[in-house]
1. With the checklist (1) within 28 Å of residue 31 (Cα to Cα); (2) free of Cβ contacts under 8 Å to residues at least 60 places away in the same chain; (3) not in a helix (DSSP H, G or I) in hand, flag the one item residue 158 doesn't pass.
2. Just to check your reading of the model, which residue among 31, 8, 91 is touching a residue at least 12 places away in the same chain (Cβ under 8 Å) and in contact with a helix residue (DSSP H, G or I) (Cβ under 6 Å, 6 or more places away or on another chain)?
3. Counting only residues that are more than 20 Å from residue 221 (Cα to Cα) and part of a strand (DSSP E or B), how many does the range 236-266 have?
4. Filtering the range 165-179 down to residues that are in contact with a helix residue (DSSP H, G or I) (Cβ under 8 Å, 6 or more places away or on another chain) and part of a loop (DSSP other than H, G, I, E, B), which residue is farthest from residue 37 (Cα to Cα)?
5. For the list (1) at pLDDT below 95; (2) over 23 Å from residue 258 (Cα atoms), I need the number of the one condition that residue 18 fails.
6. Filter the range 217-230 for residues that are in contact with a strand residue (DSSP E or B) (Cβ under 9 Å, 6 or more places away or on another chain) and either over 20 Å from residue 297 (Cβ atoms) or surrounded by fewer than 19 Cβ atoms within 10 Å (Cβ to Cβ) (or both); which is modelled with the lowest pLDDT?
7. I'd like the full set of residues that are farther than 20 Å from residue 272 by Cα and buried (at least 19 other Cβ atoms within 10 Å of the Cβ), limited to the range 154-166.
């Protein structure tokens, strides 16, 4: 018996998201707990799964705020480390006129990149049914080596591995460095979640089906999930390709965390159905559930603390 359904490694940070303006007309920013891997875990916790996070924050006010957020959501903090010299990583998220987001990171360095290999909780990794990671823990040392070691431990233990590139171009020294590390991630995963702009950027192919086929030809990933924003999502598994329309919300505020919510729900489906040779019906069920959840998070500020309940998702689906 495994102790955890899903264990994730990566960044845990503060997302400063705009929440109105002051009486002087200045933007007011709210300090929301964030970081893609923990957002994924928070969604899984809402669905009744047991999770644990591996990562590092600063031994400062923000770091302790993040620790408390994990405790409140039920995510195990046994693998959380504190850095006494480097501050917690911060991100400022601003919404542009077209509704897209602009990220500014305060991470040169930030505590999340300081996780050392000797700080890895090996037993936690081995006690997972599924291990999840993103590319932000591959941008810098020492966390890059630590992440690769964690992946190796998971592979040797025969654990299902999922990867979400979650590309944030400002955090990479060069595009070539980003491609190299994201290629590494794709070489070591059974489940890949990738967005429309990311798959085009990585493959150079504008047609989504052709782009995904390039990934399947090169990496032989059993299950590829493609998020398409307002166009919905797709899943590619074995001989099946399934497209699912989105659930569009009238009161959308921002899209931060939508992809992570989608990923958390898809991993919930993977825990139930596996990741190989899934039927069309299974893929449709998983995508519809994940699309509904992702739409709900767009009506809320932040993500980690406000993931939807299973009942809310089912109600959104009309069940």
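1. Condition (1) is where residue 158 drops out.
2. Working: 31 fails: in contact with a helix residue (DSSP H, G or I) (Cβ under 6 Å, 6 or more places away or on another chain); 91 fails: in contact with a helix residue (DSSP H, G or I) (Cβ under 6 Å, 6 or more places away or on another chain).
That would be 8, the only listed residue that is touching a residue at least 12 places away in the same chain (Cβ under 8 Å) and in contact with a helix residue (DSSP H, G or I) (Cβ under 6 Å, 6 or more places away or on another chain).
3. Narrowing the range 236-266 to residues more than 20 Å from residue 221 (Cα to Cα): 244-258, 261.
Remaining after also requiring part of a strand (DSSP E or B): 244.
Qualifying residue count, the range 236-266: 1.
4. Of the residues in the range 165-179, the ones in contact with a helix residue (DSSP H, G or I) (Cβ under 8 Å, 6 or more places away or on another chain) are 165-169, 171-172, 175, 178-179.
If we keep only those that are part of a loop (DSSP other than H, G, I, E, B) too, we end up with 165-168, 172.
Numbers: 165: 11, 166: 10, 167: 13, 168: 14, 172: 18 Å.
Within the range 165-179, the match that is farthest from residue 37 (Cα to Cα) is 172.
5. Answer for residue 18: the failing condition is (2).
6. Here is the first cut: in the range 217-230, the ones in contact with a strand residue (DSSP E or B) (Cβ under 9 Å, 6 or more places away or on another chain) are 219, 221-229.
This time we only want the ones that are either over 20 Å from residue 297 (Cβ atoms) or surrounded by fewer than 19 Cβ atoms within 10 Å (Cβ to Cβ) (or both), so: 219, 221-224, 228-229.
Values: 219: 98, 221: 98, 222: 98, 223: 98, 224: 98, 228: 94, 229: 88.
Among them, the one singled out is 229.
7. Within the range 154-166, 165, 166 meet the criteria.
Residue-by-condition table, conditions (1) under 20 Å from residue 193 (Cα atoms); (2) within 17 Å of the chain's Cα centre (by Cα); (3) not in a strand (DSSP E or B):
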residue: 108; (1), (2), (3): no, no, yes
residue: 113; (1), (2), (3): no, yes, yes
residue: 137; (1), (2), (3): yes, yes, yes
residue: 141; (1), (2), (3): no, no, yes
residue: 146; (1), (2), (3): no, no, yes
residue: 151; (1), (2), (3): yes, yes, yes
residue: 154; (1), (2), (3): yes, no, yes
residue: 163; (1), (2), (3): yes, yes, no
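The values are calculated or read from the model by the stated rules, or taken from the named source; none is laboratory data. Computed from a predicted structure; not experimentally measured. Quick reminder, even Gly has a Cβ in these numbers, built from the backbone with ideal geometry, and neighbours come from all protein chains shown.
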